[in-house]
Amino acid sequence: MTPEGDRLFVECNVSPEGKEVCGIHAEEVYEDYLDGVSVDKIGDTVTEEIKKLSKAGFFEKTKNVNNYSKVKGDLFIRLLNKKKHEKALENAVYKEVDGIACVLYMKVGQQDGRISSMKIHKASLADWGMDEDEAYENALANTYFLTPPRIYKWECLLFNPDYEGDDFMDMNYEENIVERNAGSCLSTSIRTNGAVAVFLPDVAQRIADLMDDDFYIVFTSVHEAMIHPKRMFCPEDLERILKETLKEATLDEDFLTDEIYYYDRGARKIMKWKKVVSKVTLPASCVERLPL
């Protein structure tokens, strides 16, 4: 459910153990009505959606949230902008990387190709008998297994509907990913919430090894990140392009950050570019553009 806006709550699957509550967004329903959809039709649509949800088994899954052995296979990490989602993260389990919250989620169901999930609250960790670091690392590894990282070539995405990306983590992968003028698109095998790929175990270091360089990370949405080797790109240009992309092509709900990030392969660390700018040797093309 969205954090703001009026909603109509419908209780279903009520039992002594608890109940499911479906939230219907009043604004969306009202917009349908203004577009000429009859009240009866809106009611039928809402009823059908609730029936689908009631059969999805979400409640059974959430009942097990405090039993780690039953939910561990459904845990994953999803990225959120910390400032934008500050209130929703108050009791959540997450690690922060310079304004990006890497949040622990549990998959509770899948309907019509969409995954439904819930944040894990800190209270569940005590029942699991583990600390935040252990739970987070386990979820990172699980995310890697469930949605392996992939590099996508733009030309293949545009002209090959069956293209599933390149498995660059395969040690036999030797293709040059440096010389792409537009950068390399990093995501996961399902390409949903795929920007998390750069935080998965050994991924950033593998990319740095393939490029033989540190690199800039441009999060164009929560679904992907563009990777650019340090020696070939000017971060000021990347920052300008990112802001244009966010304005013209990124939905508000898909926004992650308007900052450029940087991976230091020596320190094995991801951080905002502006934090390391004094330590970075910029290409000559960038130095010429920097104000005196």
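The values are calculated or read from the model by the stated rules, or taken from the named source; none is laboratory data. Note that the structure is predicted; figures quoted are calculated from it, not measured. With ideal geometry, Cβ positions are generated from the backbone for all residues, glycine too; neighbour counts draw on all protein chains shown. Accessible surface is based on the protein model in full, side chains and every heavy atom, while ligands, DNA and RNA are left aside. Shrake-Rupley method; radii C 1.70, N 1.55, O 1.52, S 1.80 Å.
Every residue, every condition in (1) open to solvent by less than 10 Å² (accessible area, probe 1.4 Å); (2) touching a Pro at 6+ places or on another chain (Cβ under 9 Å); (3) outside any strand (DSSP E or B), yes or no:
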residue: Leu210; (1), (2), (3): no, no, yes
residue: Tyr216; (1), (2), (3): yes, yes, no
residue: Phe219; (1), (2), (3): yes, no, no
residue: Ile227; (1), (2), (3): yes, no, no
residue: Arg231; (1), (2), (3): no, yes, yes
residue: Ile241; (1), (2), (3): no, no, yes
residue: Glu244; (1), (2), (3): no, no, yes
residue: Leu256; (1), (2), (3): yes, no, yes
Considering residues that are at pLDDT below 90 and among the aliphatic types (A, V, I, L, M), the number found within segment 131-172 is 2
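Residues Met130, Met106: which one is open to solvent by less than 80 Å² (accessible area, probe 1.4 Å) and in a loop (DSSP other than H, G, I, E, B)?
Met130
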Provide a single number: the residues in segment 176-192 that are charged (D, E, K, R) and at pLDDT 80 or above. 1
It is to be established whether one or more residues within segment 146-165 are open to solvent by less than 40 Å² (accessible area, probe 1.4 Å), on the phi > 0 side of the Ramachandran plot and part of a loop (DSSP other than H, G, I, E, B). yes
Enumerate the pairs (first residue in segment 37-48 and within 18 Å of Arg7 (Cβ to Cβ) and at pLDDT below 90; second residue anywhere and open to solvent by less than 60 Å² (accessible area, probe 1.4 Å) and not in a helix (DSSP H, G or I)) with beta-carbon separation below 7 Å, excluding pairs fewer than 6 apart on the same chain, so at least 6 apart or on different chains. Val46/Ile24
Taking segment 109-127, which residues are without any contact (Cβ under 8 Å) to a residue 60 or more places away in the chain and either of a type in the set (Val, Ile, Thr) or part of a strand (DSSP E or B) (or both)? Gly109, Gln110, Gln111, Arg114, Ser117, Met118, Lys119, Ile120, His121
Tell me, yes or no, whether segment 86-102 has at least one residue that is among the acidic types (Asp, Glu), part of a helix (DSSP H, G or I), surrounded by 14 or more Cβ atoms within 10 Å (Cβ to Cβ) and at pLDDT 85 or above. no
